[in-house]
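Chemist: Just passing along the structure, written as C-alpha cells.
The values are calculated or read from the model by the stated rules, or taken from the named source; none is laboratory data. Not measured: the values here are computed from a predicted model. Glycine also receives a Cβ, built like all others from the backbone with ideal geometry; neighbour counts cover every protein chain displayed.
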Amino acid sequence: MAQGATVYNLSIELADVDRGVYESFELRTARHPAESAEYLVTRLLAYCCEYAEGISFTQGISAGDEPAIWLRDATGRVLLWVEVGLPDAERLHRGSKQSERTAVYTHRDVTQLLSQLVGKKIHRAAAIPVYAFDRRLIKALAESVDRRSTLRITITEGQLFVALGDLSLSGSVTTHSLA
C-alpha cells in the first residue's frame, strides 16, 4: 500500500524588511513521501522569500512540468517560476521561457548546483538568481517543524530569523548567479 502525503498546517508571521512585506497567513502544504524534510522547509522558506498576493505551491514532485512554487496573473500567465533543490538545466530553461522571472532556492551544496549548470542551454541564465540557505538553519528547522506549527520569519539584509515556539534560529541566504 502506497504511503500518502503528510499535510502541514502552518501559521506564518512574515516580516520581509528588505521588500517591505509584512503579512500573517495560514499555509497548508503537503509533503510527498519522496520529499525530505529539508526540501519541505526549503520550499516553505522560498515561498516566504517570494511572498506576494497569489503565490502558490504547485503539485511539486507529483507534477514534473511545474515548478515547486509559482505566481500567475489573472489571465494565467506565469509571473514567477521558483525551483527548489537541485533543478536541472532543462527545467530552468523551460521555466525561464514561460515566466517573467525565475529563481532557484537550494538547501544543497550550491557549488555542486552551479557546476552542474555550467555551459548548459538556459534561457536568460544571467537573470536567474540562485539563493542558498544556510544548511544548518535548514537542518534545525527540518528537525523542529511539526504538522501544526506557528513560525515567525524575519528576512533582512541576507539574513533569516525564524522563531518556532521557544526555538530561535537564524542563518544567511547567499545569492549566486548562473552566468
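For (1) closer than 26 Å to residue 36 by Cα; (2) without any contact (Cβ under 8 Å) to a residue 60 or more places away in the chain; (3) in contact with a strand residue (DSSP E or B) (Cβ under 8 Å, 6 or more places away or on another chain); (4) part of a strand (DSSP E or B), each residue gets a yes or a no:
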{"residue": "64", "(1), (2), (3), (4)": "yes, yes, no, no"}
{"residue": "79", "(1), (2), (3), (4)": "no, yes, yes, yes"}
{"residue": "83", "(1), (2), (3), (4)": "yes, yes, yes, yes"}
{"residue": "90", "(1), (2), (3), (4)": "yes, yes, no, no"}
{"residue": "97", "(1), (2), (3), (4)": "no, yes, no, no"}
{"residue": "113", "(1), (2), (3), (4)": "yes, yes, yes, no"}
{"residue": "122", "(1), (2), (3), (4)": "no, yes, no, no"}
{"residue": "132", "(1), (2), (3), (4)": "yes, yes, yes, yes"}
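Chemist: Across segment 67-76, which residue is farthest from the chain's Cα centre (by Cα) among those that are touching a residue at least 12 places away in the same chain (Cβ under 8 Å) and assigned to a loop (DSSP other than H, G, I, E, B)?
Modeler: Within segment 67-76, the match that is farthest from the chain's Cα centre (by Cα) is 73.
Chemist: Here is a further query. Could you say which residue among 147, 136, 152 is charged (D, E, K, R), loosely packed, with under 15 Cβ neighbours inside 10 Å and over 29 Å from residue 92 (Cβ atoms)?
Modeler: Selected residue: 147, the only one of 147, 136, 152 that is charged (D, E, K, R), loosely packed, with under 15 Cβ neighbours inside 10 Å and over 29 Å from residue 92 (Cβ atoms).
Chemist: Inspect all residues belonging to segment 143-163 and state whether any of them is part of a loop (DSSP other than H, G, I, E, B), within 15 Å of the chain's Cα centre (by Cα), at pLDDT 95 or above and among the β-branched types (Val, Ile, Thr).
Modeler: no
Chemist: Please indicate, with yes or no, whether at least one residue in segment 37-49 is part of a loop (DSSP other than H, G, I, E, B) and surrounded by 12 or more Cβ atoms within 10 Å (Cβ to Cβ).
Modeler: There is no residue in segment 37-49 that is part of a loop (DSSP other than H, G, I, E, B) and surrounded by 12 or more Cβ atoms within 10 Å (Cβ to Cβ).
Chemist: Taking the conditions exactly as written (among the aromatic types (Phe, Trp, Tyr), farther than 18 Å from residue 130 by Cα and either buried (at least 19 other Cβ atoms within 10 Å of the Cβ) or touching a residue at least 60 places away in the same chain (Cβ under 8 Å) (or both)), does residue 8 satisfy them or not?
Modeler: It is true that residue 8 is among the aromatic types (Phe, Trp, Tyr), farther than 18 Å from residue 130 by Cα and either buried (at least 19 other Cβ atoms within 10 Å of the Cβ) or touching a residue at least 60 places away in the same chain (Cβ under 8 Å) (or both).
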